[in-house]
Amino acid sequence: MIPDDRQPGFGIYVHWPFCAAKCPYCDFNSHVRHHKIDEERFAAAFAREMATMRQRTGPREVTSIFLGGGTPSLMQPQTVAAVLDAVAANWSVPNGIEVTLEANPSSVEAARFRGYRDAGVNRVSLGVQALNDADLRFLGRLHSVEQALGAIRLARDTFPRLSFDLIYARPGQTLEAWEQELEQAIGHAADHLSLYQLTIEEGTRFHLLHKAGKFEMPSPDHSADLYQVTQEVTAAGGLPAYEISNHAKPGAESRHNLVYWRYGEYVGIGPGAHGRFLQDGQRIVTFTEKSPEAWAALVEEHGHGIIGGETLTRSEEADEFLMMGLRLTEGIDLARFEQLSGRPLSSKRIATLQDEALVAPVGNSRLRATSAGMIVLDAVVADLAI
C-alpha cells in the first residue's frame, strides 16, 4: 500500500447501477433488472466515457479507483478486469494504489472473489448493514448474519484490505444493543468499518412508511448518544474515527474516500456518476444520465453520458472544502482554504466556536471539529462559511 502523503489525490469512480433488489432506505442510483445484463455493452461504454474524460482532464496519475453501485459484485470478474484495463489505458496507474469494489454478502462467491483479486481489486467494501437477522429483514437485505460472516471470512482470506458497513440508529435500537453489536463487528473487522446512522431519504420506501407512521425513528438526543457510543467503542477497539462515519486502524483509511474529504479531484464514470476535477485551472462539476440504458445510448452516440454540470466559483470551492474537510478528524488546512477562497477564515468566528467547544486548532496550521462539533457539523460549517 502506498504511504499516505495527505495530498488530495485524483480518483476514478465507476458506477455499476444494478442491484438484485432495491433496499427500502436507499436513494442511490440503483436499478433492478429481471433480465441478463449486457455486461460487454456497459464495459465498452465505461471505456468510451473514460476516453472522453481523459481528453478533459489531460494526463494524470490516479491515486485510487472505486467500483461502486448498485452492486458491483454482480459483475463478472472479466467485466471488472475490462474496467480496470480501461482506467490504465487512459491515465497513469501506479502499482499498489487502492482499488476498491463494493460487494453484498448475498452475491459473494469464492471463485468470483478470486477473479476480482486477479483483475486487480485489492480492497473490498461489504454491505453488511446489521448483525442481527430481524434488522436485516427490516432493512430489506437479502442475506442473513451467517451469510454476512461467511462473506467477511472469505474477503479476509482473499483481499489485502477489507471494510464493511453497518447502519445504526435503527428503530428501537438501544445503546446496550448497539454497543454489543459494535463489539461483535470489531471482532470480525480487518482494518476498517463504515458506520452510518439510518436516515429517511425522500423518494425511498422508508420515506413512505415513516410518513404513514409505520415506524418511529430515534430522537435526536438518542441518536447523539448512539453516535457517542460509536466513537467510544471503536476507539477502545483499535478502530478510531478518522471521519464522521468511518473508522480504521491508523494507516488503513480509505484512500478513495479521502480524495473526496480532502477535496481532491475525481472523475465519475457510469450512470448517475458525479465528477469534480480541474480543467484549465477551474473546478468542473459533471453528472451523468441516471437511467442505465439511456446512459449507454448517450455514450454510444456522443462518447459520454454527461447531461449537466457547472464551473464552481472560488467561494463555492471554499464552502465545499470546508464541508468536506471538517468531516475528518485531521481537519482542514487553513492555508488551503485561504488559497481557494481568497480570504482567511474569520478569527472571530473561530474563537467563538472554540469557546463553544465545537472546533479546535491542530497546531498552527489546521482546524478540526470536536466530537461535539461533529454532531452539529452543518451549523459549524455554515457559521465559518459566512
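The values are calculated or read from the model by the stated rules, or taken from the named source; none is laboratory data. Here the structure is a predicted model, which is why all the values come from computation and not from measurement. Note that we place each Cβ from the backbone using ideal geometry, even for glycine, and neighbour counts take in every protein chain shown. Heads up: the accessible areas ignore ligands, DNA and RNA and are worked out on the full protein's heavy atoms, side chains in. Shrake-Rupley method; radii C 1.70, N 1.55, O 1.52, S 1.80 Å.
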From 307, 350, which residue is of a type in the set (Val, Ile, Thr) and exposed (fewer than 15 other Cβ atoms within 10 Å of the Cβ)?
-> 307
Of the residues in region 330-339, those that are open to solvent by 60 Å² or more (accessible area, probe 1.4 Å) and not hydrophobic (A, V, I, L, M, F, W, C) come to 338, 339
Any chance region 290-300 includes a residue that's assigned to a loop (DSSP other than H, G, I, E, B) and modelled with pLDDT of 95 or more?
-> yes
Test: residue 269 is surrounded by fewer than 17 Cβ atoms within 10 Å (Cβ to Cβ) and either within 24 Å of residue 27 (Cα to Cα) or assigned by the TED database to the domain that holds residue 86 (or both) | no
Can you tell me which residue in region 92-120 is least open to solvent (accessible area, probe 1.4 Å), limited to those that are under 17 Å from the mean Cα position of the chain (by Cα) and over 18 Å from residue 266 (Cα atoms)?
-> 103
Does region 333-348 contain any residue that is closer than 25 Å to residue 250 by Cβ and touching a Leu at 6+ places or on another chain (Cβ under 7 Å)?
-> yes
Region 26-85 - residue that is among the polar types (S, T, N, Q) and over 19 Å from the mean Cα position of the chain (by Cα) and, of those, surrounded by the fewest Cβ atoms within 10 Å (Cβ to Cβ) | 55
Could you say which residue among 272, 309 is on the phi > 0 side of the Ramachandran plot and either at pLDDT below 95 or in a loop (DSSP other than H, G, I, E, B) (or both)?
-> 272
For region 9-22, state whether one or more residues are in a loop (DSSP other than H, G, I, E, B) and touching an Asp or Glu at 6+ places or on another chain (Cβ under 9 Å).
-> yes
